[in-house]
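Notes for the one structure printed next.
The values are calculated or read from the model by the stated rules, or taken from the named source; none is laboratory data. Quantities reported herein were computed from a predicted structural model and do not represent experimental measurements. Backbone-built Cβ (ideal geometry, glycine too); neighbour counts: all protein chains shown.
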Amino acid sequence: MDLSQRTGRPPVSAEVVALIERLATENKGWGYRRIQGELLKVGHRVSASAIRRILKALKIPPAPRRDTDTTWRQFLQAQAATMLAVDFSHVDCAVTLQRLYCFFVIEVGSRYVHILGVTANPDGPCTAQQIRNLLMDLGDRAADFRYLVRDRAGQFTDGAPPSPQPPAPSAPARSPGGGPFQGASQASAGPRRPH
């Protein structure tokens, strides 16, 4: 059979096969379509099925299937070593009839618990100081942590009352670009209140 009379697409050159192999081995998460797109950027037009066939011949497995929706459990498993979780636990003392709050931090990856302090009146400045002490104790390891999990309790704030928001600037009724209901809503709403 004369190969010069062959129909169909021309075979993929050895240079492009080497480039496909390099892209697939250096970027393990890239699938056939991503490799196809990168090849298009540099001027090589190769179908995804040809890329699949080439990688299969080179015994390079396909990229792992990645879900675009990461669940909270998957996120925690992947990032556990970089997370700290903080909270207060309370204990009611039967002798003094007082409620004591224990401030603790958990290294999520190792499940190591740091007891930072026990107090009857936790507030923002005290909590901030305990966190600063923990960072000094962690030393160089403090840079390993990227996420802090906490609730929105008042003990984690600075304790200062929120500053009131300035009133919204008033615009004349029926001003251009103000929308059809701007004049009526501003007249009846009055000044804004902080939430």
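Would you say S13 is exposed (fewer than 15 other Cβ atoms within 10 Å of the Cβ), closer than 30 Å to R150 by Cβ and modelled with pLDDT of 90 or more? So S13 fails the test.
Regarding L84, is this residue out of contact with any His (no Cβ under 8 Å at 6 or more places or on another chain) and in contact (Cβ under 8 Å) with a residue 60 or more places away in the chain? Here the answer is yes, as L84 does meet what is asked. Confirm whether V105 is within 27 Å of R141 (Cβ to Cβ), part of a strand (DSSP E or B), in the same structural domain as R150 (by TED's automatic domain parsing) and of a type outside the set (F, W, Y). Criteria met by V105.
Report whether or not Q79 is modelled with pLDDT under 85 and touching a strand residue (DSSP E or B) at 6+ places or on another chain (Cβ under 7 Å). Answer is no for this residue.
Within segment 68-123, being within 21 Å of L148 (Cβ to Cβ) and charged (D, E, K, R) holds for R73, D87, E107, R111, D123.
Would you check which residues across segment 18-47 are small (G, A, S) and under 13 Å from A63 (Cα atoms) and list them? A24, G29, G31, listed by residue number.
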